[in-house]
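The values are calculated or read from the model by the stated rules, or taken from the named source; none is laboratory data. Treat the numbers as computed from the prediction; the structure is a model and nothing was measured. In this analysis, Cβ positions are derived from the backbone assuming ideal geometry, glycine residues included, and neighbour counts consider all displayed protein chains. Calculation scope for accessible area: heavy atoms of the full protein, side chains included, ligands and nucleic acids excluded. Shrake-Rupley method; radii C 1.70, N 1.55, O 1.52, S 1.80 Å.
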Amino acid sequence: MASDKSTGWTATAFYRWLLVAPLAFVGLFFLWPILNVILRSFTDPSLGVANYERVFGGGPYLKVLWITVETAGIVTILCALIAYPVAYVISRVRGSMMSLMMAFVVVSLWTSVVIRSYAWMVVFQRKGVLNQFLVAADIVERPISFLPGTLAVNVGMVHIMLPFMLLPMLATMRTIDRTLISAAEVMGANPFVAFRKVFFPLSLPGLGAGSALVFMMSLGFFITPALLGGPRHMMAAVLIEQQANRLLDWGLASALSTVLLLLTTSIYLVYLRVMKSAGGGFAHGR
Amino acid sequence: MAAESTAKLPPAFRAGWVIICCFTALILVYLVLPQFIVLPLSFSDRSFLSFPPSGWSTQWYEKLVANPSWFQAMINSLAIGIPTALLSMVFGTMAALAVARGGFKQAGVISAIVVAPMMLPHVILAIGLYPLMLQLNLLGSYAAATIGHTVIGVPLVFITVTAALARHDFTLELAAMTLGARPWRTFRSVTYPTIRIGIIIGGILAFATSIDELMLALFLTGAGTRTLPRLIWEQMNDYLTPTIAAVATLVFLFTLILLVIVALIQSRSTRLEGWNHD
């Protein structure tokens, strides 16, 4: 902002002072608590790395971390595969059809996550919608127990994460200049080649931003795995809640949180870089 | 309304287009499927979750009204959600103005820190805030949950206000100040009208997030201040009754009303200041 200097410092200084209150709030109630979680992981119950030895010493905790990363990866890949064609179609239609399609996405995004997970419990339970259908269609003889299980967790999580993949993809696809594709076709490329060589590379920033966002959010996901996953498909956030809230093992909970924080922060930094290169900023709604 | 250029494509590509359109329709139905399961279930005449229901009744809504803890939880959610929205609007707007107009060299770093609470797992924030609230003797109070929710609400307002500021030129404000307006007066009569919509939409998003938030509520609210998601959660872990479906339907209706309000504000703002947008 070169123009600021020419008008003197009053305007800029006024705006700079506005940062004090929000930064104090974020510092006191976000940075400070998180710093304390990291400290506690080395000091509770005694000074040292004993908590990390428990986390990484094999056994159940390491397995939970692995399941967390694996699930986040699967959910991200599924979301990317499903969202790409959907975003492509939405970016090509116009007018009221587009508004209608966006309404589905936005309504889904705004529905309470707790309630959506509840609905998936109704679908997947023993006498649920899916089992009734499978038995009626003679695909299986007796109802399958989906709950708790991996399939239910994946279906439920993809459902919640899909809008977060779709919105960045759409934002990027809308900015792609269609005349470029027409140009490729005029030059003799068939539509598939034009898509692969022109459209797809231009849509990659949206795919990257969406994938980073979904992976990051999936790592810390709590409600769906807690309700649909059970002990065999336990994810990090569920384990942390259990250790802190019920078993009162704050040292272990803090160590697990620190590992989760490191994982998420590294993805967040990748996300910020992707967003910067995409030039999109943060304006993707919720 | 299909795409502009499909008509002149060879049949193979048109078939491909039809297939991905059908796929899109299926996925869009999948996205709203839970609502279509919960709604009929809430009118079921059975006490267990059979779907589709064999008969209809409004007994679950009657049970809902008869149980005061649901009403109390709703009041608690509002008592936490409304102050959260207001605080988020104040802090989020201040931070957005400072970053957009303060000429900081580290503006990117500041934005990243302000937005981070929205991105990082809430469970980490929850176990960090719990001991702090215990120290401050706020645990189980409305204030504790409000502070926690404001931490994740500020980024939402920050993002919407930043987007609004990016659409408007700083020169208008500079002109006002050159003409002798003090900073506060410049803000009130020039800056504020241009970002008002951004502030309101950000506030509604912060409110909606607070109303839906579970993790911080689990750690920071007490028996007297537990929110609606927390009560649903506790009920769900005990037994699955259609009462939850009735609550879910009412919450969904409430969310739809909020959504319509946001859509109306947005369409009105684009109509009023359409010339400002690119």
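Below is a table of values for the structure above.
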{"read-out": "Computed label-point distance, nm, for sites B:L256 and B:R182 using a 7 Å Cα→Cβ extension", "value": "5.0 nm"}
{"read-out": "Cβ-placed point charges (K, R +1; D, E -1), dipole of the protein assembly as shown about Cα centre in debye, nearest 20", "value": "900 debye"}
{"read-out": "Approximate shape of the range A:160-256 as ellipsoid semi-axes (Cα gyration tensor, √5λ), whole Å, largest first", "value": "45, 11, 10"}
{"read-out": "Förster radius 60 Å - calculated FRET efficiency between A:L134 and A:W17, Cβ distance, rounded to 0.05", "value": "0.40"}
{"read-out": "Efficiency of FRET between B:S57 and A:V49 - r from beta-carbon atoms, R0 51 angstrom, step 0.05", "value": "0.30"}
{"read-out": "Surface per residue (accessible, 1.4 Å probe) for the range A:52-165, Å²", "value": "42 Å²"}
{"read-out": "Of the DSSP H helices in chain A, those whose Cα atoms cover at least 18 Å axially and whose Kyte score averages -0.5 or more", "value": "A:60-92, A:95-110, A:150-175, A:200-219, A:250-278"}
{"read-out": "Square roots of five times the Cα gyration tensor eigenvalues for the range B:67-276, Å", "value": "36, 21, 13"}
{"read-out": "Amide N of the range B:80-116 lying under 20 Å from the label point, which is placed 7 angstrom from the Cα of B:L172 along Cα→Cβ", "value": "B:93-103"}
{"read-out": "Rough spin-label spacing in nm, given labels placed 7 Å along Cα→Cβ, for B:A15 and A:F192", "value": "1.2 nm"}
{"read-out": "DSSP-assigned coil residues among trypsin sites (Lys or Arg not before Pro) in the range B:16-120, each with at most 16 further Cβ atoms within 10 Å", "value": "B:R46, B:K105"}
{"read-out": "Per-peptide average of other Cβ atoms within 10 Å, ordering B:156-166, B:21-31, A:84-94 highest first", "value": "B:156-166, A:84-94, B:21-31"}
{"read-out": "Value of Rg/Rh across the protein assembly as shown [Cα atoms, Kirkwood radius]", "value": "0.98"}
{"read-out": "Descending principal axes extents, the range A:27-278, alpha-carbon based, whole Å", "value": "71, 52, 31"}
{"read-out": "Total accessible area lost when B and A pair, probe 1.4 Å, Å² to nearest 100", "value": "8700 Å²"}
{"read-out": "Accessible area, probe 1.4 Å, largest first, for residues A:Y118, A:Y61", "value": "A:Y61, A:Y118"}
{"read-out": "With DNA, RNA and ligands ignored, accessible area of A:V186 (1.4 Å probe; Å², nearest 10)", "value": "120 Å²"}
{"read-out": "Helix-only mean residue ellipticity at 222 nm for chain A, each DSSP H run of n ≥ 4 adding -39500 (n - 2.57), per residue, nearest 500", "value": "-22500 deg cm²/dmol"}
{"read-out": "Loop sites in the range B:195-264: chymotrypsin sites (Phe, Trp or Tyr not before Pro), DSSP, at most 16 other Cβ within 10 Å", "value": "B:Y239"}
{"read-out": "Distance from the range B:117-193 to the range A:103-132 (C-alpha centre basis), Å", "value": "33 Å"}
{"read-out": "Inter-label distance for A:L247 and A:L262, nm, one decimal - labels placed 7 Å from Cα along Cα-to-Cβ", "value": "2.0 nm"}
